[in-house]
Amino acid sequence: MHLTAHTDYALRVMMYVALVTPQTTTIDEIAERYELSRNHLMKIVQRLAAAGLLETLRGRGGGMRLGRPAPEIRVGDIVRTAEGSFQLVECHDAARNRCRISGSCLLRGVLDEAVAAFLQVLDGKTLADMIANQEHLRADLKFSAVTPIAVHVDQSFRTG
């Protein structure tokens, strides 16, 4: 399975916003820190905001912040929002399915099961889990001293 760059960037946006919480941040700031296209990030932020994962604020001092606390945002929700569809093969899409064996093929069920397992793992982790090593993330992103946020972290996930 391969996730799109859109999903990769959506995950990075959400991690960055979680790192600066409770302050707000801007698309320009995120684009600069990650060296990504501002225009691409605008589309991603719009989709994340429409899903309620981000809250956007207009006007002077505007920007964005998390739509709900990091421990309440499942990684699976971010991935589903960014990917939109997990139609891995032709037979997953009835409109374009021209496979001659789809009526008897067992592959579709196996792939459905694999996607469900993949999403189950992602649903077991939260955005807070993804920033548990925030000191290192802040250093990599060249943050100035910012107060760490208090989050509940699933210690079984930490790798080092």
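What follows is calculated from the coordinates using simple rules that are stated; it is not laboratory data. These figures come from a predicted structure and were not determined experimentally. Neighbour counts are summed over all protein chains in view; Cβ atoms, including those assigned to glycine, are modelled from backbone coordinates with ideal geometry.
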Between Gly67, Gly59, Gly76, find the one with the highest GNM mean-square fluctuation for the chain; connect C-alpha pairs within less than 10 Å.
Gly59
Most positive-pole-ward Cα, Gly109, Ser37, Gln134, against dipole of the chain from beta carbon charges:
Ser37
To the nearest 20 debye, what charge dipole does the chain have about its Cα centre, counting +1 at the Cβ of each Lys and Arg and -1 at the Cβ of each Asp and Glu?
380 debye
Helix-only estimate, please: 222 nm mean residue ellipticity of the chain, summing -39500 (n - 2.57) across DSSP H runs of length 4 or more and dividing by its residues, to the nearest 500.
-14000 deg cm²/dmol
What is the order of Lys142, Lys125, fewest Cβ neighbours within 10 Å to most?
Lys142, Lys125
Rounding to the nearest 10 and keeping the result within 0 to 90°, find how far the Cα-based axis of helix 38-50 lies from the longest principal axis of the chain.
80 degrees
Within segment 30-91, list the GluC sites (Glu not before Pro) lying in a DSSP loop whose Cβ has at most 10 other Cβ atoms in a 10 Å radius.
Glu35
Listed residues Ala18, Ala31, Ala117, most fluctuating in the chain (Gaussian network, C-alpha, under 10 Å)
Ala117
With the cut-off at 1.5 for a/c, could you classify the chain from its C-alpha gyration tensor as rounded, prolate or oblate?
prolate
Per its Cα gyration tensor (rounded if a/c is under 1.5, else prolate when a/b beats b/c, else oblate), segment 60-138 is best filed as prolate
Note down the relative contact order for the chain as a percent, whole number, built from C-alpha pairs under 8 angstrom at least six residues apart.
27 percent
